[in-house]
1. Out of all the residues in the range 134-157, which are over 18 Å from residue 175 (Cβ atoms) and of a type outside the set (S, T, N, Q)?
2. Kindly evaluate residue 461 against the criterion of being over 17 Å from residue 369 (Cα atoms) and outside the structural domain of residue 540 (by TED's automatic domain parsing).
3. Please find, within the range 568-584, the residue that is modelled with the highest pLDDT out of those that are assigned to a loop (DSSP other than H, G, I, E, B) and surrounded by 17 or more Cβ atoms within 10 Å (Cβ to Cβ).
4. So which residues in the range 312-323 are crowded, with 17+ Cβ neighbours inside 10 Å and in contact with an Asp or Glu (Cβ under 8 Å, 6 or more places away or on another chain)?
5. Residue check: is residue 57 in a helix (DSSP H, G or I), in contact with a Pro (Cβ under 9 Å, 6 or more places away or on another chain), modelled with pLDDT of 95 or more and within 23 Å of residue 119 (Cα to Cα)?
6. Looking only at residues in the range 212-222 that are without any contact (Cβ under 8 Å) to a residue 40 or more places away in the chain and in contact with an Asp or Glu (Cβ under 8 Å, 6 or more places away or on another chain), which one is surrounded by the most Cβ atoms within 10 Å (Cβ to Cβ)?
7. What number of residues within the range 597-632 are charged (D, E, K, R), touching a Lys or Arg at 6+ places or on another chain (Cβ under 8 Å) and either modelled with pLDDT of 95 or more or outside the structural domain of residue 582 (by TED's automatic domain parsing) (or both)?
8. Could you check the range 411-439 and list, in sequence order, the residues that are among the basic types (Lys, Arg), more than 22 Å from residue 471 (Cα to Cα) and surrounded by fewer than 24 Cβ atoms within 10 Å (Cβ to Cβ)?
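The values are calculated or read from the model by the stated rules, or taken from the named source; none is laboratory data. Bear in mind the structure is a predicted one, so any value in this text is a computation, not a measurement. Cβ coordinates were reconstructed from backbone atoms using ideal geometry, including for glycine residues, and neighbour counts include every protein chain displayed.
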Amino acid sequence: MSFFKKLFGSGKKSEPSSSPTPALPPSPAKPAVSEGEPIKAYDKFGREISIARHDWITDILPREINRHWNDPDELAGLLIQSFNDGFFAEVEDAVKHLHSIDTNPSRGATLLGIVYLHTDRPAETARVLSDYLNKYGDDGVVLTNLAKAQAAMGRNEEMERTLWRALEQDPNLDNGLAWYEVIQREKGGPSAGVEALKRIAAIPGSWRARLWLARSALEARDLDAALELYRACLRIVERPIPTDLLVQMSGDLGKNGHLPDILELVGPHFDVETHGILVGNNLIKASIDTGHLDNAHNILRQLEACQRPDWRENLGYWENELLKAKLETKDAFPKDEINMTMLTLCGPLWCIPDHDTSHIASERVPDAPHIVFLGSSYETASMPTARTLQPADGPGRMSRALPLFLNEIVYLRSDARTTTLVPWITNGGGGFGLFGKAPNLGEIAHQVRQLTKSDQESRPADFLVSTHLITLGENWKLQLSIVRTIDGNKLVSYSYDFAEGDFHRIAVRVIEDLLTTLTSEAGIVSCSPPPESQIQVSELDHYLFRLEQTLAVRCSMMSGATSGLLSNPAEILDGIIYLCLQNPHHLPSRILLWRVLDGLKMNEPALVKSMATKVKDLQIDHPLATDFQQSLNAEFNTILDVG
């Protein structure tokens, strides 16, 4: 099982209410049926919390109701969400209280009527709603729910008159309109349903009936009539335009293949705060399918900046679809046109020379043993047949993460100088290079020695540590080889089997073998790693994944690199924050977060800015050692423009 199964989602935690303490707190909620899906909630960092329904209704919900007892708006929102979770009888006392204090009387009456209706008391619903109508006059929502109560009591003729009366008050009630159309269609067939919509459309201010008539026009392949009806809707409707109008308009156009019209009609009216992912979904799909990839990218980033945890899975899907669409525009590389170089990363990826955080490890002397690490090679059953750009996959990511991690281990546990080499394609927008089979280490050892001769601060590489992955079967195999660069002689070669996502189960053995060999062959001097550099063994797979993502972000900043090919930067940021939360005293994880925020700021400023609250809470709730904490606070404040 992938280690991602252990990760949580993201979300926002509601702030305490400023309403006064209730003089008469509510009685405890009635016990709820414990069957059914747990209640999902999110902490302030966006991690998903699953709460048993019994615990929710007996503990959490009563506490929240009590907290908002004298705040009608907050209480109403909480009760409506309770309805969505399937709780009606359980919140009856609170709904009765809201009915008595609500500054919006139609809301209080309607919610109480809904509770009675869902607890098989339609006569009580009719009484409450009729009392409201007698006192305040006609209201479309109240009348629609009264019609439901009348239908439940079998008073169908009265129900139909009440429903029409509701539509006369508000012809754009979605439930009322759909219900009325169904009644007429069942009586007189499809044409009667269309006539019912036309009758509603004649009511002043009516736009929803036109929306449904446009659907009928599209089904009849009359695009011009549908577009005219849509434009009439947009002229009539009040601003901001209701979300469901744009959802139905874009959905019906898309279902009938009119994608450019979605972008023309819906696109200009999209507001991320108002319409969110429901409209954003259809706009992104239309943009990708019509080749407007920049537009899809822009909408995605707007949605991601809203920091909505319940959207994450959906947005992740569109991130992958957008990346695939971008890669499809890239041609395969002829062999003689591939330009590849080796990026040289000195020390651990997160270690920034001359920065306060670099003091986590001792300085290196110039004549210390120099160890170079190289991965970026793997074999699998589905290797691509053409040289082309493709989305990063699990083996590819792991092939880049392992040398970064082993570099870090040797650097922190010895006196050695360390360098990681990363193959990088310099043309075609740039990208990581991968070897489809184990490279000739003798040849590469010589090249590595020549490459590191240019480093004036240390001697050329003495040893090459190579990692190669084989993922042909159910389990993966890691081949670890250590080569002396001066003569290309392979000193040792180790082989380890492990399941995908379970590198941590072999990590201790790999580290021991590597350090033992380098001590005997390279003469490295061992030392104890700093405590703030240590991470739980169970977290290693998670750490490796985020290490490789940080490398991808930093490489995307290089001149000539195509930043738009970076995969799902929103997930990268959230993922590294979760890494920090799960390893709150691990300094490298916190530095990775800093480097990723810094790397994304130029091309994704809104996304980076949206992380400010999470980063601030992370630093406050989980402080590091004093010196490192202050240094990173300064870096985060600069990146996030926090005073």
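1. Initial filter on the range 134-157 (over 18 Å from residue 175 (Cβ atoms)): 134-137, 153-155, 157.
Listed by number, the residues that qualify are 135, 136, 137, 153, 154, 155, 157.
2. Spelling it out, it is not the case that residue 461 is over 17 Å from residue 369 (Cα atoms) and outside the structural domain of residue 540 (by TED's automatic domain parsing).
3. 583
4. Hits for the range 312-323 are 312, 315, 319.
5. Working: in a helix (DSSP H, G or I): yes; in contact with a Pro (Cβ under 9 Å, 6 or more places away or on another chain): yes; modelled with pLDDT of 95 or more: no; within 23 Å of residue 119 (Cα to Cα): yes.
So residue 57 fails the test.
6. Top of the filtered list is 214.
7. Counting residues in the range 597-632 that are charged (D, E, K, R), touching a Lys or Arg at 6+ places or on another chain (Cβ under 8 Å) and either modelled with pLDDT of 95 or more or outside the structural domain of residue 582 (by TED's automatic domain parsing) (or both) gives 2.
8. 413
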